[in-house]
Structure formats: structure tokens, C-alpha cells
Amino acid sequence: MAAENLQLEAAFLAFNAEFARNGFGQAPAGLLSILRHFRLREGEKVSEGRARLYKRLWCLLWEALKVLRLIDDKIIYKLNTSVPTASFEGEVNAEKRCRDLYGELLQGYSSRESAIKGCIHEVSNNIRDLREKREQDPDSNEFSKKLRNEQTMLRLMQSELLVEEVVKERSLKVFNERCWKSFKPPQ
């Protein structure tokens, strides 16, 4: 178990370094691969070190989502610097800038949604496994407690999908208000 914890710690640190370097992109996929290591195997108990890593992993996920949402948080600034005013329309290709910004937005939506859905899938698998283990040993409080924690995490992840919808709707509304003259996104 100690060797596996060291392996997880190394993977976690590598992910942290990759995320700090790249900001986003492959980071959510790396996060999911680490998350898969946390699935309990038959008869396995969670060590204190492993539980700490697990909590750090979820904190890292929230940080990743925050970084991935930066473009949405700064959409008005980005539009102000990208889309020219009437006096500068001839000097700047507004259609290209709006198209590029739209592509950035879509990439961010896709990356965040796949990361969240991947985490939902992993947590759902953990819940299914814990339910089976609880049925095999109904007197064990350990599995019930872990199951409640995983169910709470699942609800948090599902609520993140709703947050994503709100963020996406707000960003696209602002985008369309500024770029409607020069770029019409595909439906």
C-alpha cells in the first residue's frame, strides 16, 4: 500500500506541474487517470495518506475548473480588446477575431464538460462498488460512510454541470451581443 501511495503522490505532483505549465488542455485527462487509481479494490481499506491525497485531488479539480473558466470570466475584456469599435473597423479583421474567440470558448466548454463528466463517471463507479461492498457486509459502517461521501461528491459534480450551463449561456450572450455584426456562429 505504501508503494502505491508513493506512486499516486508522484502522479499527483506530475499532474500539478503539467497543469501549472499548460493551464489546461490535457490536464483534465491527467486528473482522471489519477482519479482512477483511487478506486478501491476488493477488501482494500483507505489509508490516511490515501484519503489526504484524495481530498487534495478534488481540491485540484476545483482549481482546474477555476482556471478553465478564466476565459468566460474575462469575456468582456477579451471582446473589448478583440472587436474593434466603429472608428477602427477598417484596420482590424473583426470576423476573424470573433471566430477565434468563439473557438476558444468552445474548446473551454468542451474541456470542462468532459472533465466533469469523466469525474461523474468515476464517482458513479465508486458508488456502485461501495453499494456492492455494503451489501456484502451490511454491518460495516466504513462502507456506509464512504458511500455517503461519494454520493455527496457526485451531487457536487452534477451541480458543476449546471454551473457550466449558466457560465456557457452568459458567455455566449455577451459574445453574441458584441460579435453579431461580424460573425454568426453555426447553430
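The values are calculated or read from the model by the stated rules, or taken from the named source; none is laboratory data. Since this is a predicted model, take the numbers as computed values, not measurements. Here the Cβ is made from the backbone with ideal geometry for all residues, glycine too, and neighbour counts use every protein chain on show.
Computed quantities for the displayed model
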| item | result |
| --- | --- |
| Residue list for the stretch 96-128, filter: over 23 Å from ASP73 (Cβ atoms), touching a helix residue (DSSP H, G or I) at 6+ places or on another chain (Cβ under 9 Å) and charged (D, E, K, R) | GLU122 |
| So ASP129, is it at pLDDT 85 or above, farther than 22 Å from ALA64 by Cα, surrounded by 13 or more Cβ atoms within 10 Å (Cβ to Cβ) and in the same structural domain as ASP72 (by the TED database) | yes |
| Filter pass, PHE175 being over 16 Å from LEU61 (Cα atoms), buried (at least 18 other Cβ atoms within 10 Å of the Cβ) and under 25 Å from the mean Cα position of the chain (by Cα) | yes |
| Restricting the stretch 75-93 to residues that are at pLDDT 70 or above and loosely packed, with under 14 Cβ neighbours inside 10 Å, the residue that is farthest from the chain's Cα centre (by Cα) | ASN93 |
| Residues being closer than 30 Å to TYR109 by Cβ and in contact with a Lys or Arg (Cβ under 7 Å, 6 or more places away or on another chain) - total across the stretch 126-181 | 3 |
